[in-house]
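One structure is given here, and the rest of the page talks about it.
The values are calculated or read from the model by the stated rules, or taken from the named source; none is laboratory data. Remember, predicted model here, so these are calculated numbers, not experimental data. Note: ideal-geometry Cβ built from the backbone for every residue, glycine included; neighbour counts use all protein chains shown.
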Ligand SMILES: [Zn+2]
Ligand SMILES: [Zn+2]
């Protein structure tokens, strides 16, 4: 059975069988036989829609063809929709007339001139960190549906093969309850006919997916989650103006750079020898790569400032010349798991360098542990 949503009505068993709620057993049986012939899957070349219709009709028939089950069902239906069991067409007709007048009044109120416009499209767009910080143009792929060219949105190219829905008599809606609320017919899903011959181009939906590529201007120092609106970049509409494209920015983190105020910070690992003897290391910037000269004896944690390679200054977003700094913070990539011979080589080198090269470490030890080395291990 189709799932009932607030605007969809799963038809009652009598509606499914196309009979009045007071129909005799013989009338119900005849109606069931007639509908079975129409929707039997064998008669419809194995159509899945026909099979579903057939199952719904068969289950309705099973319920109301059994006298005891029918009494229970009628009780339940009485509670759900009292008008149905009154079986008085005049009562229903009187309410329908009232409903038509109300609908007409509502339509008159709604008929104010408005802008005819296609739907807005919302797209989440991943943006590389550098592009988000520097701004510029980016191309966004916007997907939307358009009417199928094969069936022109009808969902079928053979309308004659799709029987009119007997439940709603082709209206696609049913008037339910005392308030004559218009709800979508659950048997034909609001189409008014049963789609036994769906279009091959769109599987009966009447719509196909398409896309367009739209150039979007990204402002300097664009924020995560920013909404960039492109007027007319949304879904086109024949005879109207296209909707807007709303791009929601999702910034992709940079593997090495992060923003800190107007500056960029980059943490760079140095090898042992680079820190001790000096060297040149590559540093990424927003645009390219810079080479930084590291002087001999560089301690871990030292920061080097490269002016003009940070973020565009926020107070002057158009001036490309004014930028913050790129702060390069170095750390030492310490070798681990040395073999005994390698550890011995390191000790030999340290001995060769002499105590004078480690004056700070020696002074620290002398002050903390005392000249005799007293104290307990942690
Ligand atoms: Zn189609
Ligand atoms: Zn229907």
Flag for residue 174 being over 28 Å from the mean Cα position of the chain (by Cα), within 27 Å of residue 150 (Cβ to Cβ) and at pLDDT below 90: no
Residue match in region 179-193 (condition: without any contact (Cβ under 8 Å) to a residue 40 or more places away in the chain, surrounded by 15 or more Cβ atoms within 10 Å (Cβ to Cβ), farther than 30 Å from residue 323 by Cβ and within 16 Å of ligand 1 (Cβ to nearest atom)): yes
Some residue of region 144-153 being away from ligand 2 (no atom under 16 Å from the Cβ) and touching a helix residue (DSSP H, G or I) at 6+ places or on another chain (Cβ under 6 Å): no
Residue count for region 161-175, restricted to those that are within 16 Å of ligand 1 (Cβ to nearest atom) and either over 21 Å from residue 39 (Cβ atoms) or not in a loop (DSSP other than H, G, I, E, B) (or both): 1
Hits in region 239-279 (condition: farther than 30 Å from residue 333 by Cα and touching a strand residue (DSSP E or B) at 6+ places or on another chain (Cβ under 9 Å)): 240, 241, 242, 243, 244, 245, 246, 247, 248, 249, 250
Residue identified as within 30 Å of residue 213 (Cα to Cα), part of a strand (DSSP E or B) and either in the same structural domain as residue 311 (by TED's automatic domain parsing) or touching a residue at least 60 places away in the same chain (Cβ under 8 Å) (or both) among 281, 268, 249: 249
Residue 199 being away from ligand 1 (no atom under 16 Å from the Cβ), modelled with pLDDT of 90 or more, farther than 24 Å from residue 11 by Cα and in a loop (DSSP other than H, G, I, E, B): no
